[in-house]
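A short worksheet on the structure shown next.
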Amino acid sequence: MQWETVIGLEVHTQLTTRSKIFSGASTEFGAAPNTQACAVDLALPGVLPVLNKGAVERAIRFGLAIGARLNRVNVFARKNYFYPDLPKGYQISQFELPIVEAGELPIQVGEGDKAVTKVIRITRAHLEEDAGKSLHEDFHGEDGKPLSGIDLNRAGTPLLEIVSEPDMRSAKEAVAYARALHTLVTWIGICDGNMQEGSFRVDANVSVRPKGSDKFGTRREIKNLNSFRFLEQAIEYEARWQIERIEDGHEIVQATVLFDPDTGETRMMRTKEEAHDYRYFPDPDLLPVKLDEPWIEQVRAALPELPQQKQARYQRDYGLSAYDAVTLTASREMADYFEATLAAAGVPAKLAANWVMGDLAAALNKEGLAIGQDRIPPARLAGLLKRVDDSTLSSKLAKEVFAAMWAGEGEADAIIEAKGLRQMSDTGEIERIVDEVLAAHPKSVEEFRAGKDKAFNALVGQVMKATRGKANPQQVNELLKKKLAG
């Protein structure tokens, strides 16, 4: 039997407010345990929550960015559950009336010319508070027995939980959606996107069903995935595990599971709860939130050009492929760098795109740097691209100049002159060298005339070697073809 994987994601994004969602305590990461928990976070008697307007504004921003419906009246509820690291014993969240409902996010599935656009529906996005953190290491009592510690610094940190429909059918689609969502929330400034610090955490609901069936299987939820690589590995393992269980005659039990990166396996944490298990009811300490039109329009007016809007413009105005447009808008910083380079260089957009996505990205990845930490600002890369575009440099020589620029040796023009890297464009000189190569390699000439195309590439390589890579490759190809045809 052929099987189909069905995936929906729940993503917790920590909002970029300086204070918590219901208190004035700081949300800064990395403080000593329990130094950023005030009386409200500790749930001391008599304290009352006060809603952070900045958290609501960020939720509105997200709803507008995904074309969703904003509920003009939305309500906070108490989610009752045993939270050892939430002193209240319940979590303030939104249930029946969330702030955002019914949006969508397009993603690119596949690579290059084979990439296709798929729209993932977003069911809802609701505001809630984060829990604290239980620590189980390096704590021991006087008798030497292990103890657990509670750090309440995260308790009350504002979250926007974004819940998709089960529209994804592979781990790669789920990763593409998670990446697109990560790009969007960082692009519009509502989340810093730091997955190592827990600012962007993914829960994956995974089930399998016979291919062609429209009935959903029993899902299991994989909790707290904090990297795209782990997300892909966890979904692939879980889907295989479920298929094997079903084919062995077992039933899948709805459950919450954890992914172990060391073993590459999921393991059950607890049987899965339903909404009624949490005993939701409206929080009596918080009034319904009412959104007025002037505020919504003010937030809309402040939104930047969104990734999907830039992608459409890059394809329309620059003639770039959908894949290139998506890659260049993987972050707002990369898109800004590309546009600044293109404006300064005045070269074809495809040339600028290839260098930003290629050599620049590779250099950044090699040293673990972000686009804003690069050693070659847009204006300097533009100087290099001008010399590629006007044929001063061949592709090979341009890479050599780029490496020198990355090493801090100066501007492209200065490096070209200092190293004597200007491309040879004297047709007479190139023709002389071509004649010498043909005379020195009669066997390759015979093989080419016998129909062996590889022999031609070998001759091109010999000419480039003789000119130390400075000959214009197009001229070399044309002269070789002319000579060999004679």
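Summary of computed values
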item: Amide H partners (placed H, <5 Å) of Leu135, local residues excluded; result: Gly149, Ile150, Asp151
item: Cα centre as origin, Lys/Arg/Asp/Glu Cβ charges: segment 171-313 dipole, Debye; result: 400 debye
item: Gyration tensor (alpha-carbon) shape descriptor, segment 180-282, a/c threshold 1.5; result: prolate
item: For segment 74-144, accessible area per residue (1.4 Å probe, heavy atoms of protein chains only), Å²; result: 52 Å²
item: Accessible-area composition of the chain, carbon plus sulfur, in percent [1.4 Å probe]; result: 50 percent
item: Helix 427-440 vs. the chain, principal-axis angle (Cα, 0 to 90°, nearest 10); result: 80 degrees
item: Tilt relative to the chain, helix 395-406 - C-alpha long axis, 0 to 90 degrees, to 10; result: 50 degrees
item: Qualifying aspartates and glutamates (Cα of each under 13 Å from Cα of Lys419; at least 8 residues distant if same chain); result: Glu400, Glu409, Glu411
item: Trypsin sites (Lys or Arg not before Pro) within segment 71-101, DSSP loop, no more than 15 other Cβ atoms inside 10 Å; result: Arg72
item: Neighbourhood net charge (14 Å Cβ-Cβ; Lys/Arg +1, Asp/Glu -1) for Ala43; result: -2
item: Relative contact order of the chain, defined on C-alpha pairs under 8 angstrom at six or more residues apart (%); result: 14 percent
item: Average accessible surface area per residue within segment 198-350, 1.4 Å rolling probe, Å²; result: 54 Å²
item: Above-threshold pairs, the threshold being 24 Å between Cα atoms, out of Lys350/Lys386; Lys20/Lys88; Lys79/Lys215; Lys172/Lys211; result: Lys79/Lys215
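The values are calculated or read from the model by the stated rules, or taken from the named source; none is laboratory data. What you see is a predicted model, and the numbers here were worked out from it, not measured in a lab. For neighbour counting, all protein chains shown are included, and Cβ atoms are generated from backbone atoms with ideal geometry for every residue, glycine included. Accessible surface is based on the protein model in full, side chains and every heavy atom, while ligands, DNA and RNA are left aside. Shrake-Rupley method; radii C 1.70, N 1.55, O 1.52, S 1.80 Å.
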